[in-house]
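Heads up: the structure comes next, in structure tokens.
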Amino acid sequence: MAEHAPHSRAALAARYGRRYRWWVLMTVMIGTMASIMASTIVNVAVPDMSRQFTLGQDRAQWLSAGFMAAMTLSMLTTPWLLDRYGYRHTYAGAVLLLMVGGICGGSSPWFSLILAMRVAEGLAAGVLQPIPAIVVMHAFARGEQGRAMGIFGFGVVLAPAIGPSVGGVLVEWWGWRSIFFVVVPFCLVALMLARRFLPVGAPGGRAVDPDGARIDGVGLALIAAAVLALLNAMVSVQSGEAATASTLFAACGLAVGAFVALERRREHPLMRLDLFAHRPFAMGGCVAFIYGMGLFGSTYLVPVFMQIALRLPPSQAGAVLLPAGIVLAVTMPLGGRLADRFPVNRIVVIGLGLLALSFALMLGVDGATSLAVIALWASIGRVGLGFVMPSLNLGAMRGLANAAISHGSSTINFLRQLGGAVGVSLVGSVLEWRLRTETGAPLRAFHETFALVGAITAVAMIAAWRIGAARAPFDASK
């Protein structure tokens, strides 16, 4: 019955024809672009906000850390939300929350409310970001999935590429509040398209189940405790508080152990741990976590390196990174097409190799190196990212049964984001340690940190090769 309802996937596909799946992809892409822009654009406003609210670094960093933590956790709720409320209502609800967070955050006279709205935006972003991969796996044929992921990636990487530049202009012309409102037009367009193109049903054309299983609240609380303990432990390591860090690491381990024991017994778990019995998915999860560490760690490291070690002004540092962002956007569709034609594990390994090579090349950069050469080394890494990003989800999830795709997408995104949070903390801790040790030689400290990030990325190549190719649909429930 659900497949014949006027707003079902089958009815909408019949109404809009063969291009319907591309309209759906564009719809979810715009909402995801808005969520990614919300995560990156606020960084340019931190100095002005710190002056207005008299913030120290310990409070100001929560504008990003609160968003990231909320996003990481809410990713695991996406399968339950889609099953219970369907594509249209889940997506529209998350977009509305993102828009309200932007409007209220930009209007608030209190920092505490701004921080709360950043957390709300993070919750919305976490729900939104696994949805495009779910759409691609369900709506596109195997031979088109890579192309679809590449086109989606092209749009998504433009958001962090142009976000800081647009944010800088807005802050200079209209003040820091203006950057919170940037997401509003994107959200309005996404809501309009969602009302027209997104089906009301759940993934796979299934009817929603509003009276189905309740969300695993205990599991969510345990994984939240584990993530927060881990992130705070990394901060304690960076601050030199060894006893606190040890206690928090132990608490994280206990919470993870309790979470695993609980999820194995759940009929409707928050995270389907049985999927890790499928080797391509397990290796894809390992790659996602390690790759997230390298990607987000380097995203933090490169601008700091250029401003502190090379003593470049922020405008020149941004100018050096802009060509790399353009290269990434152009490479993404090519990487998607390659994923349709060649084994995805080879594409991912090549991409990770190029990313590791770019970090190795940074070891030769010093004050005499031209900006063009630095831009070239950074662009090599972005070519690698363009190969990895469309292929990783496909390699990990192509062998999963349809009923497992939603859980697979949310778990892969969760692991990548968690790896990113750990990577930023690890890079920050190691860099601060080496800067203290290498007094008077900051360039050497940065080179050693680049070597660490390159080694982390190279380790991911081992797991990437083992993704292999799926031989048959995997569903542990059978």
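The values are calculated or read from the model by the stated rules, or taken from the named source; none is laboratory data. Keep in mind it's a predicted model, so treat the numbers as computed, not measured. Cβ sites come from the backbone with ideal geometry, for glycine too, and all protein chains shown count toward neighbours.
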- Task: Count, please, the residues in segment 388-411 that happen to be surrounded by fewer than 24 Cβ atoms within 10 Å (Cβ to Cβ), not in a helix (DSSP H, G or I) and not charged (D, E, K, R).
- Result: 2
- Message: Among the residues of segment 415-427, are any more than 15 Å from Q129 (Cβ to Cβ), among the basic types (K, R) and in a helix (DSSP H, G or I)?
- Response: no
- Take E438 and decide whether it is at pLDDT 80 or above and of a type in the set (D, E). no
- Query: Which of the residues spanning segment 233-246 are part of a helix (DSSP H, G or I) and either surrounded by 14 or more Cβ atoms within 10 Å (Cβ to Cβ) or touching a Phe, Trp or Tyr at 6+ places or on another chain (Cβ under 8 Å) (or both)?
  - Reply: A233, M234, V235, S236, V237, Q238, T244, A245
- Query: With respect to A125, is the statement that it is within 30 Å of V344 (Cα to Cα) and modelled with pLDDT of 90 or more true?
  - Reply: yes
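So that you can scan it fast, the table gives a plain yes or no per residue for (1) under 22 Å from the mean Cα position of the chain (by Cα); (2) modelled with pLDDT of 85 or more:
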residue	(1), (2)
E432	no, no
P442	no, no
A445	no, yes
A458	yes, yes
- Query: In segment 278-337, how many are in a loop (DSSP other than H, G, I, E, B) and charged (D, E, K, R)?
  - Reply: 1
- Item | Enumeration of residues in segment 146-197 that are at pLDDT below 80, over 30 Å from P343 (Cα atoms) and not hydrophobic (A, V, I, L, M, F, W, C) | G163, P164, S165, G167, G168, E172, G175
- When (1) surrounded by fewer than 24 Cβ atoms within 10 Å (Cβ to Cβ); (2) at pLDDT below 80 are applied to L415, the one that fails is (2)
- Given the conditions (1) crowded, with 20+ Cβ neighbours inside 10 Å; (2) in a helix (DSSP H, G or I); (3) at pLDDT 70 or above, which single one is not true for A224? (1)
- Query: Condition test on L385, is it buried (at least 18 other Cβ atoms within 10 Å of the Cβ), modelled with pLDDT under 80 and in a helix (DSSP H, G or I)?
  - Reply: no
- Item | segment 247-275, residues that are within 28 Å of G399 (Cβ to Cβ) and assigned to a helix (DSSP H, G or I) | V256, F259, V260, A261, L262, E263, R264, R265, L273, D274, L275
- Task: Output yes when any residue across segment 289-296 is free of Cβ contacts under 8 Å to residues at least 60 places away in the same chain and surrounded by 15 or more Cβ atoms within 10 Å (Cβ to Cβ), and no when none is.
- Result: no
- Item | Scan of segment 101-141 for residues that are part of a helix (DSSP H, G or I), farther than 19 Å from T78 by Cβ and touching a helix residue (DSSP H, G or I) at 6+ places or on another chain (Cβ under 8 Å), ordered by number | G102, I103, C104, G105, G106, S107, F111, L113, I114, L115, M117, R118
